[in-house]
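Let me begin by presenting the structure, written as structure tokens, before commenting on it.
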Amino acid sequence: MDSKDIYVLIGVDTETDVGSNTPYYEGVKYGTPKLLDLFEKKNVKATFYVTGDCVKKNPDMVKRIYDSGNEVGAHSLLHETVGDPLFALPGDNPLLPHEVEPRLRMNTEWLEEVTGEKPVSFRSPRLMGSTHVINALENLGYTSDASYPMYYYREQFEPYYPSRDDWTKKGDSTVLEIPNFADMTMESNDPGLERDRDQWPLFRTEGAEALIQKIDNYLDFCEENGYAKFLCFYIHPWEFHPMKSEYSFGETTVIPYEFITKNCGDFALAEWEKVIDNLLERNAKFVTASETAEMYNKNEGNNND
């Protein structure tokens, strides 16, 4: 990669509304078409990471994503914690290591049944990846994983091939790990987690300019340290359709924190368009996850070679 170029991967985590907090797919039904239209308008491509449950319940929309020329990747079977938890969630039971590969295989097969093409790109829900996930992906023939949360691990700052013994370290896996960028120049006020470094969901809670500032800071950090300028984003279709402040179903009522549902809908779409325009003005190169893996395998060489 040319150190002067800026590469952009838009990862769209295609799942139930408000993440795992509801069983609904209003965002997939109504938010996804808005994103597809925007991407076509701007002549950019994205990678949609789709859960197995989503493709089973919305096969026509997933086929529409695929037919649009955007990439369809995998996002676990049921938007579950497949890797190492970063923070506690109510009712969350992370998969045991031996459960990971069979469920990812099922996710893979369900996507292939609808699109006719085996997915090769993956992202763990909530960026909670692990060594077990990387090794399972390698066994299943995946070429990239975009789960690494830079704000939390703060060690890898550009795409890399991870170790089969510790996915946060460099090694000889054939699966390219693509970190999700964060602001590495700021002083965090969130001890331990340091989630205030993260990119999400600033574009809609504070506006495009707040996210663009984080982009500027990250690019300056890369320039100063000689890292490849690779911006990996994570967004969700439900952010582009109005979400409710609370949801009642089954035997419970779910009340998400305000920042999770704030400004979802047309405001979020308008702000996200501003972010894309800003990146296009910088002559950024928009790539899918599979294109990124091919680029690194060709130009950087896999550590196994």
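We did not get these values from a lab; they are worked out from the coordinates using the rules stated. Keep in mind it's a predicted model, so treat the numbers as computed, not measured. Glycine gets a Cβ as well: all are built from the backbone with ideal geometry, and neighbour counts include every protein chain shown.
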For this session: Obtain the nm distance between the two label points defined at Glu209 and Lys63 by a simple spin-label model: each point lies 7 Å from its Cα along the Cα-to-C-beta direction.
Result: 4.6 nm
Seminar exercise, completed: Checking the stretch 3-73 for trypsin sites (Lys or Arg not before Pro) in a loop per DSSP with at most 15 other beta-carbon atoms within 10 Å yields Lys4
Exercise. For the chain, what is the relative contact order in percent, using Cα pairs closer than 8 Å and at least 6 residues apart in sequence?
Worked result: 24 percent
Problem set entry | the stretch 86-163: C-alpha gyration tensor shape, a/c 1.5 cut-off, then a/b vs b/c | oblate
Exercise. Counting Lys and Arg as +1 and Asp and Glu as -1, what is the net charge of the other residues whose Cβ lies under 14 Å from the Cβ of Glu40?
Worked result: +2
Seminar exercise, completed: Heads up, the chain by the C-alpha gyration tensor (a ≥ b ≥ c square roots of eigenvalues; a/c under 1.5 rounded, else a/b over b/c prolate, else oblate) looks rounded
Exercise. By how many nm would the segment from Arg282 to Lys244 lengthen if fully extended, with 0.36 nm per residue of separation less the alpha-carbon distance?
Worked result: 10.1 nm
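Can you tell me the FRET efficiency between Phe267 and Glu113 if r is taken as the Cβ-Cβ distance and R0 is 45 Å, rounded to the nearest 0.05? Mind dumping the intermediate values first?
Values: r = 36 Å, r/R0 = 0.80.
Efficiency, from the Cβ-Cβ distance: 0.80.
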Exercise. Shape call for the stretch 246-305 from the C-alpha gyration tensor, a ≥ b ≥ c root eigenvalues: rounded (a/c under 1.5), prolate (a/b greater than b/c) or oblate?
Worked result: oblate
Exercise. Looking at the chain, what % of its DSSP beta bridges pair antiparallel, to the nearest 5?
Worked result: 20 percent
Exercise. Which of the trypsin sites (Lys or Arg not before Pro) across the stretch 196-305 are loop residues per DSSP, with 16 or fewer other Cβ within 10 Å?
Worked result: Lys244, Arg282
